[in-house]
1. Give the relative contact order (percent, whole number) for the stretch 1-132; include only Cα pairs under 8 Å separated by 6+ residues.
2. What whole-number volume per residue, in cubic angstrom, does the convex hull of the C-alpha atoms of the chain give?
3. May I ask for the angle, rounded to the nearest 10°, between helix 84-94 and the longest principal axis of the chain, with both axes built from Cα atoms and the value confined to 0 to 90°?
4. Treating the beta-carbon of each Lys and Arg as +1 and of each Asp and Glu as -1, no other charges, what is the dipole magnitude of the chain about its Cα centre, to the nearest 20 debye?
5. Which whole-number percentage describes the relative contact order of the chain, with Cα contacts under 8 Å and a sequence gap of 6 or more?
6. Of P269, A164, L40, which is farthest on the positive side of the dipole of the chain, counting Cα position, with +1 on Lys and Arg Cβ, -1 on Asp and Glu Cβ, and the Cα centre as origin?
7. Tell me, what is the FRET efficiency for T215 and Q235 to the nearest 0.05, using R0 = 35 angstrom and their Cβ-Cβ distance as r?
8. Which percent of the accessible heavy-atom area of the stretch 1-93 goes to carbon and sulfur, probe 1.4 angstrom?
Amino acid sequence: MSWESVYEGAAAAPERLALLPDAVARRELDDEVLSGRSALPHEKLDRSSRAFEDEGDRWRARPVRELFDAAMRRFVEARPGASDAWLAPRLHATLRLTRREAGDSELWNHLALRVAPDYVLWRWLGSENENAGGSGGGGGEARVNPRRFTGPFHVQAMARLWWAAEIYRDGRSYATAEAACANQEMFNSALRQDVFLHRPTAQTVIRMLRDGTVTSTRAANALIKAVNTAGSTIQYELVAPDEPLDTKARRLWIADLTYAPPVPHDSLPDGPDDGEVDFSSVARLLPLFQELFTTAPVRGREEPVENPYA
């Protein structure tokens, strides 16, 4: 029995998003669920979930559920990972949150276990990366790493998309986030590094992805490691200052959800107009990062010269 038949007709989302405790989520993730042989107990999960005090439109589940459905249809003939760059900015623009709200793992638990568990299976069941990480490798039955359902923000299936769009966007423009999410190392390596919370650092690396300087996951991994290592010596904030995000603009963007149409599928939506990164800050970091990349060890490339920042 395939996971598609297990969830056929049973994956209807609840009307509202809610908060599902970590302990409850972990308890339900047995091998039957993780391998797609058994569906999650929706009624039991509903009894364990807490509603948001705010009854506003942004906690409606249907728009989010429809977005995951659209992603699975749109990329049905492609590798599921190809959907990340399309889905991340649209999930961010659909699920308008403050960073504090997005830091609550219970929201992401509810999305993964109650709203769209079939998406988690579609995206991660049998993934080469998952199998390589010990979640179904060694010739055994494929199963999803439970951390894709309930885990750290840089690993959990939905949270990783939202936070990637949040950290890699440039003000209201998601074009940089889309470019970043096309390279899996921007999830696997960069997203977990505090240095990428410095927006000019993130935007400079993305610039190198977009201009063709970095063209593979191996190269991206090497650059990210070099930037992170050099960041322990060089204070990027002093070299490339960044302005704080405009929190008022963020609040207005969230409030505007009531009147906003569904996110477009064939063009990028608009994010919060809370401030773009100063071009001059990126210009200061770019030659430094280019030098770091030149000296970084990339498998398949000639041995680099000594890295003075390591």
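1. 40
2. 143
3. Tilt relative to the chain: about 70 degrees.
4. 240
5. 18
6. Checked the options; the winner is L40.
7. On the way: r = 29 Å, r/R0 = 0.84.
With a Förster radius of 35 Å, E is 0.75.
8. Details: 2270 of 4960 Å².
C and S fraction of accessible area: 46 percent.
The values are calculated or read from the model by the stated rules, or taken from the named source; none is laboratory data. Only a predicted model underlies this, so the values are computations on that prediction, with no experimental measurement involved. Note: ideal-geometry Cβ built from the backbone for every residue, glycine included; neighbour counts use all protein chains shown. Surface areas here come from the heavy atoms of the whole protein model, side chains and all, with no ligands, DNA or RNA. Shrake-Rupley method; radii C 1.70, N 1.55, O 1.52, S 1.80 Å.
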